[in-house]
Amino acid sequence: MRIVLAVLALLLVPQVAQAELKPAEIGIVAMRNSRQSVELAEYYAEARGIPLEQICLIDSKAGEEVSREEWEMGIRPQIRGWIVENKLAAKLRCLVTVWDVPLKIGKEDPEFPITVDRVAYLKGERENRIFRLRSLIAAINELLPGPDGPPPMPAESTDVKVLIKDFQSAFGAIRDRMKPVADTPQGREANEKLSAIFTAGGGLVNVVRNIQSQIQQQPNNNALKNSMTNTLGRIAGLTEGRAALERLSDGIEKDEAMLSLVEKSDGLLGSLAWIDGQLKLLKKNETYASFDSELSLLYWPSYTLGRWQQNVLNYRYDNSYTRQLRATLMVSRIEAPTFELSKKLIDTAIAVEKTGLEGKVYLDSRDRGKLGETAPRGSIKDFDSQLMSLAAFLRKETDLTVVLDEVDDVFQPGDCPLAALYCGWYSLANYIDAFEWQPGAVGYHLASAEATTLRKPTSKVWCKRMLEDGVCATIGPVQEPYLAAFPRPNEFFLLLLSGKHTLVECYYRCKPYNSWVMVLVGDPLYNPYKANPKFVGKPLPAAIENLINGPAAESEMP
């Protein structure tokens, strides 16, 4: 009962847009059995004026990775309980993890009973739907048989693409057989049965396509238009239901409910495709996460662990009620390869804030995109064109010196003196020391392994090596993130340069996902351009104004 009440208390946390993050709104998570972890937590609290009673000490084993079971059954309940017992739920907006707190959370055990049961259930449902779909194909063939009887059934297959082709072929054949009898009672009866089969196999989505085709031939048919409106409304309701189910923990009950909705909207064929997608995700088992990203959803009662959840603190949710329903915490990490460097992250951030960050901006594209090019969001071309347009915008609107590398190779040693800001790619887990970092520098490298460790002495991953070389804040993934998981550089750096948001607010305002693999390293309160903001008194495009100040707009950033 106590656990239930704790969860209910957390669910009642208001999630509203607020002013710049304050020290009193921060909680610090440290390891009870690590003297240096506790020392760093207290050091940061004193440096920033955070109440010492807002340090949460957790019990867990040492190491950069913790098991999913330990997180779910041990660590997460400890932190939740601490927040509730200290009545901090309505106060805290941000948590900080420090030295020795685990960096990443491992995968779910594929032999866990719930997972095994789900696989068995989904495979059984797949077989059932294949049988039903073949029965529909047989029913089509039996309508209006020719003089030689029904057409032969296609060879049995379990491949969805083949089944789609067989279903479509059966429909093509019946259309030819119906032409001579279309206006007869026999033809009308066959057409009525065919309509029901069509809906069962392809769902309401295919019904909409069929109505659209009829409207093109009869543009003034109001009955068809009304039917289209009603069908689209039903699909919208089913889509909302699916979105609500996505927020729940995985299990057979959720699968059963989801399949019911998918089958209504997309038919047997769509439900088969959905099952195959779930089985693929279960086999791939992308249930790992960074500790900090999972910590963001501390208040969420349940959610799917496969891959990610949308970050509702992203500016695109500024006008969304979803943000109110899904209270989310910002999280940043203060940890570097050595304990002394970890302390230095704090000292440098506080010192640089007083005068402002000075230095050059280095952007390293790969010659994969073009300035102003429209490309699929999260693609290589998309990110490359972002870097180019960011460089063009900063050159036009600020007094910053911007260096854009537009060749495939990365910056080489000696290329980047006085480096204040950096974003580029792609040297996988192999930091190239091209930079003379300014005190307070912020940068990140777009690659798949750059925060897999922050402490391993021999590692050359970018986050770890950049921290060793002098950056004050960085971002990276602890596992394969997929490119779309990175904050978009033209959003993150514009937010930072505005001087209106702290580091962690910049990150969460443009970070796409939570319960995933990205981690922010640096003092969350760091605001390197507060003393010398770069857009003061400048009229900015509406999209950028909305990014920096809210509310969000649908238009893209430059």
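Among the criteria (1) under 21 Å from the mean Cα position of the chain (by Cα); (2) charged (D, E, K, R); (3) more than 18 Å from Trp425 (Cβ to Cβ), the one Glu450 does not fulfil is (3). Residue check: is Gln212 outside any loop (DSSP other than H, G, I, E, B), assigned by TED's automatic domain parsing to the domain that holds Ala236 and either closer than 26 Å to Leu279 by Cβ or within 36 Å of the chain's Cα centre (by Cα) (or both)? Spelling it out, Gln212 is indeed outside any loop (DSSP other than H, G, I, E, B), assigned by TED's automatic domain parsing to the domain that holds Ala236 and either closer than 26 Å to Leu279 by Cβ or within 36 Å of the chain's Cα centre (by Cα) (or both).
The requirement of being within 20 Å of Lys104 (Cβ to Cβ), in the same structural domain as Pro337 (by TED's automatic domain parsing) and in contact (Cβ under 8 Å) with a residue 12 or more places away in the chain is not satisfied by Leu497. Among the residues making up the stretch 281-321, those that are under 15 Å from the mean Cα position of the chain (by Cα) and of a type in the set (A, V, I, L, M) are Ala289, Leu295, Leu297, Leu305, Val312, Leu313. Within the stretch 436-488, the set of residues being of a type in the set (S, T, N, Q) and either in contact (Cβ under 8 Å) with a residue 40 or more places away in the chain or crowded, with 21+ Cβ neighbours inside 10 Å (or both) comprises Gln438, Thr452, Thr453, Thr474, Gln479.
Taking the stretch 90-121 as the range and being closer than 30 Å to Glu253 by Cβ, surrounded by 19 or more Cβ atoms within 10 Å (Cβ to Cβ) and not basic (Lys, Arg) as the test, the residues that pass are Ile105, Glu108. Quick one: how many residues across the stretch 48-72 are of a type in the set (D, E, K, R), modelled with pLDDT of 95 or more and part of a loop (DSSP other than H, G, I, E, B)? Total meeting the criteria: 2. Among Leu163, Leu144, which is the only one that is surrounded by 15 or more Cβ atoms within 10 Å (Cβ to Cβ) and assigned to a loop (DSSP other than H, G, I, E, B)? Answer to the check: Leu144. Here is a check on your reading of the model: is Ile350 surrounded by 23 or more Cβ atoms within 10 Å (Cβ to Cβ) and among the hydrophobic types (A, V, I, L, M, F, W, C)? No, not satisfied.
Could you tell me which of the residues Leu122, Leu136, Leu103 is of a type in the set (A, V, I, L, M), modelled with pLDDT of 95 or more and over 30 Å from Ala24 (Cβ atoms)? If you could, list the steps in order and put the result at the bottom.
Values: Leu136 fails: modelled with pLDDT of 95 or more; Leu103 fails: over 30 Å from Ala24 (Cβ atoms).
Selected residue: Leu122, the only one of Leu122, Leu136, Leu103 that is of a type in the set (A, V, I, L, M), modelled with pLDDT of 95 or more and over 30 Å from Ala24 (Cβ atoms).
Being loosely packed, with under 14 Cβ neighbours inside 10 Å and either touching a helix residue (DSSP H, G or I) at 6+ places or on another chain (Cβ under 7 Å) or assigned by TED's automatic domain parsing to the domain that holds Leu525 (or both) narrows it down to one residue among Leu428, Leu387, Leu421, Leu400; which is it?
Values: Leu387 fails: loosely packed, with under 14 Cβ neighbours inside 10 Å; Leu421 fails: loosely packed, with under 14 Cβ neighbours inside 10 Å; Leu400 fails: loosely packed, with under 14 Cβ neighbours inside 10 Å.
Going through Leu428, Leu387, Leu421, Leu400 in turn, just one is loosely packed, with under 14 Cβ neighbours inside 10 Å and either touching a helix residue (DSSP H, G or I) at 6+ places or on another chain (Cβ under 7 Å) or assigned by TED's automatic domain parsing to the domain that holds Leu525 (or both): Leu428.
Being touching a strand residue (DSSP E or B) at 6+ places or on another chain (Cβ under 6 Å) and either at pLDDT 95 or above or not aromatic (Phe, Trp, Tyr) (or both) is a description that does not apply to Pro110.
Residue check, Ala155 against (1) over 21 Å from Lys193 (Cα atoms); (2) in a helix (DSSP H, G or I), all met but one. Which one? Of everything listed in (1) over 21 Å from Lys193 (Cα atoms); (2) in a helix (DSSP H, G or I), Ala155 misses just condition (2). Looking at this structure, is Phe393 among the aromatic types (Phe, Trp, Tyr), more than 30 Å from Ala89 (Cα to Cα) and surrounded by 20 or more Cβ atoms within 10 Å (Cβ to Cβ)? Against the criterion (among the aromatic types (Phe, Trp, Tyr), more than 30 Å from Ala89 (Cα to Cα) and surrounded by 20 or more Cβ atoms within 10 Å (Cβ to Cβ)), Phe393 does not qualify. The condition of being among the small types (Gly, Ala, Ser) and closer than 25 Å to Ala196 by Cα holds for Ala139.
The values are calculated or read from the model by the stated rules, or taken from the named source; none is laboratory data. These figures come from a predicted structure and were not determined experimentally. Glycine also receives a Cβ, built like all others from the backbone with ideal geometry; neighbour counts cover every protein chain displayed.
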